[in-house]
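First the structure, in the form of structure tokens, and then the observations on it.
The values are calculated or read from the model by the stated rules, or taken from the named source; none is laboratory data. These numbers were taken from a predicted model, which means no experiment stands behind them. Don't worry about glycine lacking a Cβ; one is built from the backbone with ideal geometry, like all the others, and counts go over all protein chains shown. The protein model used for the area step is the full one, side chains on, heavy atoms only, and it has no ligands, DNA or RNA in it. Shrake-Rupley method; radii C 1.70, N 1.55, O 1.52, S 1.80 Å.
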Number of protein chains: 2
Amino acid sequence: MAPTVITACSVRDIRFPTSLERDGSDAMNKAPDYSCPYVVLTTDVVGVEGHGITFTVGKGNEIVCHAVRVLSKMVVGQKVNEIYSDFGKFWQTLTSEDQMRWLGPEKGVMHLAVAAVVNALWDLWAKIEGKPLWKLLADMEPEKLVSTIDFRYMHDVLTPEEAIEMLKKSQDGKQEREAEMLAKGYPCYTTSCGWLGYEDEKIERLCREALEEGFTRFKAKVGADIEDDRRRCRLIRKLIGPNNILLVDANQRWEVQQAIDWMKELADSKITWIEEPTSPDDILGHLQIAKALNPLGIGVATGEQCQNRIMFKQFLKSGAMQFCQIDSCRLGGVNENLAVILMAHKFGVPVCPHAGGVGLCELVQHLSIFDYICVSGSLENRMTEYLDHLHQHFKAPCVVREGNYIPPQAAGYSVDMKESSLNDYEWPTGRVWQDLIASGKYTAE
Amino acid sequence: MAPTVITACSVRDIRFPTSLERDGSDAMNKAPDYSCPYVVLTTDVVGVEGHGITFTVGKGNEIVCHAVRVLSKMVVGQKVNEIYSDFGKFWQTLTSEDQMRWLGPEKGVMHLAVAAVVNALWDLWAKIEGKPLWKLLADMEPEKLVSTIDFRYMHDVLTPEEAIEMLKKSQDGKQEREAEMLAKGYPCYTTSCGWLGYEDEKIERLCREALEEGFTRFKAKVGADIEDDRRRCRLIRKLIGPNNILLVDANQRWEVQQAIDWMKELADSKITWIEEPTSPDDILGHLQIAKALNPLGIGVATGEQCQNRIMFKQFLKSGAMQFCQIDSCRLGGVNENLAVILMAHKFGVPVCPHAGGVGLCELVQHLSIFDYICVSGSLENRMTEYLDHLHQHFKAPCVVREGNYIPPQAAGYSVDMKESSLNDYEWPTGRVWQDLIASGKYTAE
């Protein structure tokens, strides 16, 4: 039986004490505790639920949870069919409520909260259809898919009609690409080897392990110390050999000119992209960096903190971005990610999603697989981030084989966490947190 | 006795039921309830307090209040001298806390909360010095003033050294300009006549009243209906005569090309600027609009929802903005407004602050007066917004005479609200709200 109405929306504050291990340490995020507001939408059919998350790095996760509670009033009581029959319009309602729009618009805390709620709606839709999200998207008629997108402020680069045309053109070879994905998976790169907080020995060991697992693409964090970076980049390049791919990530550490100067120093390690060289808001700064570094074979990658489709539009059309790093939880859920994937295709910029954190790998693999099957039709210069943290908390964790994401088979958006993990890691009442607080390692505030 | 330490930080959720009168109605904000998180910092000296606000239009005000409470942990216990001796660094601490930065960075709910806290710190500083804020700023040595600014991500257009040079160059004639301000005040324009929800008769009456009060600059809201806009613009132009200034404001209603087409239709009413023609995030879109409309004598104005100095930097350096509309409560308080005022001066773009709402006029007048005395030294093409709403709730409401803001004399940032207003309008427990809820006009959620 299909559900007809959303009956409730709950949210839990889930946090993992990752800062204890310095996992995820970089030039800007010295001690993150990977966290998520965990949203559950229930329906009038018992057991048919949509789960959704957004991602934060610890403190303030409760502010996003609070924002979800405020947004939930616009979702509870809504008819399921009405949402999905004009999802673009419903998305606009959520992001443009008359009074709440002032708090963004479409950025920061409110937009992260929108992502959690919207991701839950897509998870529900895919579960109702009994398909993994990537398959739900891949099977959708172009008109239907485009109807889920809010095109406001995009018309100067992409109209709904043009988007439908693009999708129709990409239908050729769709079935072959789906078969290829199921057989081989979507290429990913690993960030697990090169965190700033790691010693050289640890980097060396992790690189060797990743090579043995079949990875050919590696990312290192840079930006704290130039000598250190030069040594680490050369070390990794030596370990992975001349033909594998090396990416670096400065996590917004630099001024514009500083980024250019710094990267010239690292160019001899053959770097494919410099990620987040400066403020995520600085489109024209990125453009200046791109112009200076492109002759060295280094592209500019950014997007994990790119707030919405309007910013992506400018990065894409100006040439400020050579690799488009959508984020399943920073943008307002699947709908806005589809908008960006389509714009990136129009401008010929490969989409290489951001992942990691908690659950980002589980979610974003669906978008990459859909992108290949239905939009880009290409794997050239394309790779999705992969990190090997926290997957054990998911009911259907992502599967990576030989450096490729294997398409998930379970219905939904792969969000569902184990009930035991939710209970143990709920902040600050969960067992794990109570133990840490009792031992004095954390303070409950 | 001067205080030495911040002892507490409280915040109250204050809202005014302005939507009942349709004051403030425009193409995007159909029924705002002007609201503010009201912050009070107390010190170890009884009675020496800093008050600060940010501004919202109703729903979600409590989310910002919540964010203020989280931020307050970084302020309470801090030594007053240490904050003001390197305010730029303290500002950076507030905006870049390791984990909380993810929630922005420097945008949306978190940045609004930063504004409220930082404005309270400036109010406290001015009160300690016994000066109105504009005078505190005007008397400050260039080096000291520049030390309050966080220059991160600004170095490609302005360095601290260059800023100090600029301020030193503007010292000539400072005393004369201060005397001029005290005698005549800073020019403002009125937005009170042309709200979208008003009938033509009301517009006519309000325009005549404003002319009698000495106003020569008028703003009308546009963007809902082209015929309506054409009629209203011509009506106002006829009422105010050929030489007074007419500005229009679309509150982000349009796509890029739509803005260009629409404004061409209104150009015969001699429009000085089109404000917020499209998304506040669309720098390149604004640039395209500016290029198309500048030949018609129409400039592009924006800024009230421009999230931070990094966005302003791009608007200013690209030529996308001919009028720079800083907002005292959207940017991260006085420090970041100073950064933008200095960048605008460098690029020769007049600063014409956004005001209205609740308290924005009271606050931003200080920044305009400082700008004239110490930075721009010019009144050409400069005017600050004025609206005649809600001033009665302030202990020292702004004073406008003959269309000019008269410099405030009371020590502080003019934030202090009357205790009776705070009590009456606190949401949802205040007397006014309890009455409205009891009468069924509002629902407490």
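Suppose the filter is assigned to a helix (DSSP H, G or I), open to solvent by 10 Å² or more (accessible area, probe 1.4 Å), of a type in the set (D, E, K, R) and closer than 23 Å to B:LEU342 by Cβ; does B:LYS135 pass it? Here the answer is yes, as B:LYS135 does meet what is asked.
Quick grid of which residues meet (1) away from chain B (no Cβ under 14 Å); (2) touching a helix residue (DSSP H, G or I) at 6+ places or on another chain (Cβ under 9 Å); (3) among the hydroxyl-bearing types (Ser, Thr, Tyr); (4) farther than 24 Å from A:VAL39 by Cβ:
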residue: A:HIS393; (1), (2), (3), (4): yes, yes, no, no
residue: A:CYS398; (1), (2), (3), (4): yes, yes, no, no
residue: A:GLY403; (1), (2), (3), (4): yes, yes, no, yes
residue: A:GLY412; (1), (2), (3), (4): yes, yes, no, no
residue: A:TRP427; (1), (2), (3), (4): no, yes, no, no
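Among the candidates B:GLU82, B:GLU106, B:GLU97, the residue that is charged (D, E, K, R) and within 22 Å of B:LEU360 (Cα to Cα) is uniquely B:GLU106. Of everything in region A:107-146 that is within 14 Å of chain B (Cβ to nearest Cβ) and in contact (Cβ under 8 Å) with a residue 60 or more places away in the chain, the residue that is farthest from A:ASP281 (Cα to Cα) is A:ALA116.
When A:TRP134, A:TRP91, A:TRP125 are checked against the criterion of being aromatic (Phe, Trp, Tyr), out of contact with any Leu (no Cβ under 8 Å at 6 or more places or on another chain) and over 29 Å from B:SER72 (Cβ atoms), A:TRP91 stands alone in meeting it. Contact annotation: residue pairs with Cβ atoms under 6 Å, 6 or more positions apart or on different chains, pairing a residue in region B:396-418 that is closer than 18 Å to B:HIS354 by Cβ with a partner that is among the β-branched types (Val, Ile, Thr) and open to solvent by less than 20 Å² (accessible area, probe 1.4 Å), are B:VAL415/B:ILE53.
Residues checked against (1) open to solvent by 10 Å² or more (accessible area, probe 1.4 Å); (2) closer than 21 Å to A:PRO407 by Cα; (3) more than 14 Å from chain B (Cβ to nearest Cβ):
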position	(1), (2), (3)
A:ILE298	no, no, yes
A:THR302	no, no, no
A:GLN305	no, no, no
A:PHE315	no, no, no
A:ALA339	no, no, no
A:LYS346	yes, no, yes
A:PRO350	yes, yes, yes
A:GLY356	no, yes, no
A:VAL364	no, yes, yes
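For region B:322-336, the candidate set comprises residues that are in contact with a strand residue (DSSP E or B) (Cβ under 9 Å, 6 or more places away or on another chain) and outside any loop (DSSP other than H, G, I, E, B); within that set, the residue that is most open to solvent (accessible area, probe 1.4 Å) is B:PHE323. Residues that are among the hydrophobic types (A, V, I, L, M, F, W, C) and in a helix (DSSP H, G or I) within region A:298-319 comprise A:ILE310, A:MET311, A:PHE312, A:PHE315, A:LEU316, listed in sequence order.
Candidates are the residues of region B:218-239 that are of a type in the set (A, V, I, L, M, F, W, C) and within 26 Å of the chain's Cα centre (by Cα); the one that is surrounded by the most Cβ atoms within 10 Å (Cβ to Cβ) is B:VAL222. Can you find a residue that is aromatic (Phe, Trp, Tyr) and within 26 Å of B:VAL399 (Cα to Cα) anywhere in region B:240-255? No, the conditions are met nowhere in region B:240-255.
Conditions tested, residue by residue: (1) touching a Cys at 6+ places or on another chain (Cβ under 9 Å); (2) at the interface with chain A (Cβ under 9 Å from one of its Cβ atoms).
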site	(1), (2)
B:PRO17	no, no
B:THR56	yes, yes
B:GLN92	no, no
B:PRO105	no, yes
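Taking the conditions exactly as written (within 12 Å of B:LEU367 (Cβ to Cβ), within 11 Å of another protein chain (Cβ to nearest Cβ) and modelled with pLDDT of 95 or more), does B:CYS329 satisfy them or not? Criteria met by B:CYS329. Listed conditions (1) among the polar types (S, T, N, Q); (2) within 20 Å of the chain's Cα centre (by Cα); (3) surrounded by fewer than 18 Cβ atoms within 10 Å (Cβ to Cβ) are all met by B:SER96, apart from (2). Considering every residue within region B:276-297, establish whether at least one is outside any helix (DSSP H, G or I) and in contact (Cβ under 8 Å) with a residue 40 or more places away in the chain. No. Would it be correct to say that B:ARG217 is within 14 Å of another protein chain (Cβ to nearest Cβ) and in contact (Cβ under 8 Å) with a residue 60 or more places away in the chain? Taking the combined requirement at face value, the residue does not satisfy it.
Okay, residues lined up against (1) in contact with a strand residue (DSSP E or B) (Cβ under 9 Å, 6 or more places away or on another chain); (2) closer than 15 Å to B:PHE370 by Cα:
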residue: B:THR159; (1), (2): no, no
residue: B:ASP172; (1), (2): no, yes
residue: B:GLU178; (1), (2): no, yes
residue: B:THR190; (1), (2): yes, no
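Flag: A:GLN258 matches the condition of being within 14 Å of chain B (Cβ to nearest Cβ) and open to solvent by 60 Å² or more (accessible area, probe 1.4 Å). Screening region A:337-360 for residues that are among the hydrophobic types (A, V, I, L, M, F, W, C), in contact (Cβ under 8 Å) with a residue 60 or more places away in the chain and part of a helix (DSSP H, G or I) and picking the one that is farthest from A:MET166 (Cα to Cα) gives A:LEU360.
Within region B:261-283, the residues that satisfy the criterion of being surrounded by fewer than 22 Cβ atoms within 10 Å (Cβ to Cβ) and within 14 Å of chain A (Cβ to nearest Cβ) are B:ASP261, B:TRP262.
Among the residues making up region A:19-54, a single one is within 14 Å of chain B (Cβ to nearest Cβ), open to solvent by 30 Å² or more (accessible area, probe 1.4 Å) and of a type in the set (Gly, Ala, Ser): A:ALA31.
Restricting B:SER279, B:SER269 to residues that are more than 29 Å from B:ALA120 (Cβ to Cβ), touching a Cys at 6+ places or on another chain (Cβ under 7 Å) and not hydrophobic (A, V, I, L, M, F, W, C) narrows the list to B:SER269. Here is the figure for region A:153-170: residues that are open to solvent by 40 Å² or more (accessible area, probe 1.4 Å) and either charged (D, E, K, R) or away from chain B (no Cβ under 14 Å) (or both) total 6. Scanning region A:403-417 for residues that are on the phi < 0 side of the Ramachandran plot and either of a type outside the set (Val, Ile, Thr) or open to solvent by 20 Å² or more (accessible area, probe 1.4 Å) (or both) turns up A:ASN404, A:TYR405, A:ILE406, A:PRO407, A:PRO408, A:GLN409, A:ALA410, A:ALA411, A:TYR413, A:ASP416, A:MET417. Every condition in (1) in contact (Cβ under 8 Å) with a residue 40 or more places away in the chain; (2) crowded, with 21+ Cβ neighbours inside 10 Å is met by B:TYR84 except one, and the failing one is (2). Kindly check whether there is at least one residue in region B:7-15 that is assigned to a loop (DSSP other than H, G, I, E, B) and within 11 Å of chain A (Cβ to nearest Cβ). Within region B:7-15, not a single residue is assigned to a loop (DSSP other than H, G, I, E, B) and within 11 Å of chain A (Cβ to nearest Cβ). Scanning region B:197-210 for any residue that is within 14 Å of chain A (Cβ to nearest Cβ), surrounded by 21 or more Cβ atoms within 10 Å (Cβ to Cβ), over 30 Å from A:GLY285 (Cβ atoms) and at pLDDT below 95 turns up nothing.
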